[in-house]
């Protein structure tokens, strides 16, 4: 039994006339008769009565009509589903993110993606950079936003955001009164920092920034999420160097001040696994890259201009 047999059967069941059914199907009458005979042989029952009075469905034919209609409907639904999945228009997308992305345009990006692809269900999971890399490698995430572009060979990464680090201080800290802080002024302060395991690149960047100013940060507390860093600082537990976007967190008790004399920047990369095939993920990555391109160009122009000013 083939789907062709079912289509021919249903058209004949509607027309109850071989000539009209054949015209609807754009075939001649003999092939239609042959296909109906093949279907009846496959089913093992007579589906039509044929005599001088015309063509009528048998009791078996009437029962078979309901099942044939349902089968063709399911086949059509399966066809449409396969096409939509291949086009990346339907499915589920698991996206990981570091907390700072909440202030770097992630909510706006997701609203745009969901408007363009309403059939895609997006599930967000907040994890640190290393956790997201591990989740991608184990197929537990489809795409991720992390603080490093150094990823295993099976992953691809594209930079989507870059911005300066700023100093995060308790609002009542004496240094918070200054409009801009030389990094060296933080010598001797207790630092709140990501753990090395949670974000190796961020950890090393902070150390390198401080070392360039002739000191090493005194790590008092190590945490695993950005808002935990800002929260501890707001409660007087230390100071921190954080991406400028965290100033938009609105955390009471925390003050953010630009750093003087350092060009080190915080970066975010969109990372994904190239296999297996995942059209919805590819559409998401394409939208991320398209939105990041103007920002990256502006960042490069700003850096080029700053370099020219220094000549």
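The values are calculated or read from the model by the stated rules, or taken from the named source; none is laboratory data. This is a predicted model, so every value here is computed, not measured. Backbone-built Cβ (ideal geometry, glycine too); neighbour counts: all protein chains shown.
Worth pointing out:
- Checked against (1) surrounded by 15 or more Cβ atoms within 10 Å (Cβ to Cβ); (2) under 30 Å from residue 284 (Cα atoms), residue 191 meets all criteria but (2).
- The one condition from (1) under 21 Å from residue 195 (Cβ atoms); (2) touching a helix residue (DSSP H, G or I) at 6+ places or on another chain (Cβ under 8 Å) that residue 112 does not meet is (1).
- For the stretch 121-138, taking the residues that are in contact with a strand residue (DSSP E or B) (Cβ under 7 Å, 6 or more places away or on another chain) and surrounded by fewer than 20 Cβ atoms within 10 Å (Cβ to Cβ), the one that is farthest from residue 275 (Cα to Cα) is identified as 126.
- For the stretch 5-23, the set of residues classified as over 19 Å from residue 66 (Cα atoms), touching a helix residue (DSSP H, G or I) at 6+ places or on another chain (Cβ under 7 Å) and surrounded by 13 or more Cβ atoms within 10 Å (Cβ to Cβ) consists of 18, 22, listed by residue number.
- Selection status of residue 242, closer than 15 Å to residue 165 by Cα, touching a strand residue (DSSP E or B) at 6+ places or on another chain (Cβ under 8 Å) and assigned to a strand (DSSP E or B): yes
- Candidates 233, 229, 239, filtered to the one that is under 30 Å from the mean Cα position of the chain (by Cα) and either modelled with pLDDT of 90 or more or over 18 Å from residue 97 (Cβ atoms) (or both): 229
Yes or no, residue by residue, for (1) in a helix (DSSP H, G or I); (2) at pLDDT 90 or above; (3) under 11 Å from residue 6 (Cα atoms):
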| site | (1), (2), (3) |
| --- | --- |
| 27 | no, yes, no |
| 33 | yes, yes, no |
| 37 | yes, yes, no |
| 71 | yes, no, yes |
| 76 | yes, no, no |
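- Search result, residues across the stretch 247-275 that are in a loop (DSSP other than H, G, I, E, B), touching a strand residue (DSSP E or B) at 6+ places or on another chain (Cβ under 7 Å) and at pLDDT 90 or above: 253
- Checked against the criterion of being exposed (fewer than 13 other Cβ atoms within 10 Å of the Cβ) and under 30 Å from residue 279 (Cα atoms), the candidates 78, 59, 41 yield just one match: 78.
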